[in-house]
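Beneath this line is the structure, given in structure tokens, with notes to follow.
The values are calculated or read from the model by the stated rules, or taken from the named source; none is laboratory data. In this text the structure is predicted, and so the values were computed from the model without any measurement. Neighbour counts are summed over all protein chains in view; Cβ atoms, including those assigned to glycine, are modelled from backbone coordinates with ideal geometry.
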Amino acid sequence: MSPADSDKTFRHFDQELSEVRELLLTMASRAEEQVRAALAAVKHRDAQAAIHTIEADHKIDALEIEIEERAISLLARQQPMAIDLRMLVAILKISNDVERVGDHAVNIAQCAKRLAEAFPIASLDEFDTMAEDSTGMLRDAISAFVDQDPDKARAVLLRDDKVDRSNDAVFRVMLAQMAENTNAIVPGVQMMLVARNLERVADLATNLAEDVIYIVEARTIKHHVADHELEGEHDQ
């Protein structure tokens, strides 16, 4: 292959990789919007909004399929190395995690439908805090991917334990309300399920943050590590 042909091939690969990356960002943004929409349906006891959120999930699924097909095609045709290879491998993993975020948004929306018909219970400060922290982690993990910023990604990792504590707090408060009033049992269980799905969204945000560190630094790190201890290291 002549230098001119090689340069043309590289530019074509770079363009295709950029397009796949943009598709992933679109998918991630939609997943975040779906989570926020599902949470709004919970807050406002809006069954119709919940149904709309559930019905929109197929768009995220379709994007995952397109991203997977294009990323695998690039891997097979171009056989990239170093950071380009890490980027494509990470994109495949991230797209799967983002699709799971969309699934958790559907779960939350399904809870919202049930809550709309259930006995009303008081809003929880602990739940509101957990919702903001979980969605904030997802937003910041996406931002870390856009900026290719490992420090921002590490900051996301360090916030996961707070979400876990909020999940425990919601569970305890709901149990107390259910013990005091049997009418609170059905909505209390649904709120526990919403909190559990938010906790999983936060876990997936940490996965995304770890992938950013892998792309930029060729490092695979553990969850929840404040000292950024290495679990393994790949060649640059």
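Some points to look at:
- Residue that is farthest from HIS104 (Cα to Cα) [pool: residues in region 157-194 that are of a type outside the set (S, T, N, Q) and part of a loop (DSSP other than H, G, I, E, B)]: LEU158
- From ARG21, ARG45, residue being modelled with pLDDT of 95 or more and farther than 30 Å from MET191 by Cβ: ARG21
- Tallying residues that are in a helix (DSSP H, G or I), of a type outside the set (Val, Ile, Thr) and touching a residue at least 24 places away in the same chain (Cβ under 8 Å) within region 141-151 yields 4.
- Residue that is farthest from the chain's Cα centre (by Cα) [pool: residues in region 34-65 that are more than 22 Å from LEU138 (Cα to Cα), assigned to a helix (DSSP H, G or I) and in contact (Cβ under 8 Å) with a residue 40 or more places away in the chain]: ALA47
- Residue count for region 124-182 under the criterion of being of a type in the set (Phe, Trp, Tyr) and either in contact with a Lys or Arg (Cβ under 8 Å, 6 or more places away or on another chain) or within 18 Å of GLU210 (Cα to Cα) (or both): the result is 1.
- ARG154 assigned to a helix (DSSP H, G or I), crowded, with 18+ Cβ neighbours inside 10 Å and within 25 Å of the chain's Cα centre (by Cα): yes
- Evaluation of ALA131 against (1) among the hydrophobic types (A, V, I, L, M, F, W, C); (2) farther than 16 Å from GLN190 by Cα; (3) modelled with pLDDT of 95 or more (one fails), failing number: (2)
- With respect to the conditions (1) of a type in the set (Val, Ile, Thr); (2) assigned to a helix (DSSP H, G or I); (3) touching a residue at least 12 places away in the same chain (Cβ under 8 Å), ILE121 lacks only one, and its number is (2).
- Selected residue (only one of ASP46, ASP61, ASP97, ASP57 is under 30 Å from ARG11 (Cα atoms) and buried (at least 18 other Cβ atoms within 10 Å of the Cβ)): ASP97
- Checked across region 69-85, the condition of being buried (at least 16 other Cβ atoms within 10 Å of the Cβ) and within 16 Å of the chain's Cα centre (by Cα) holds for no residue.
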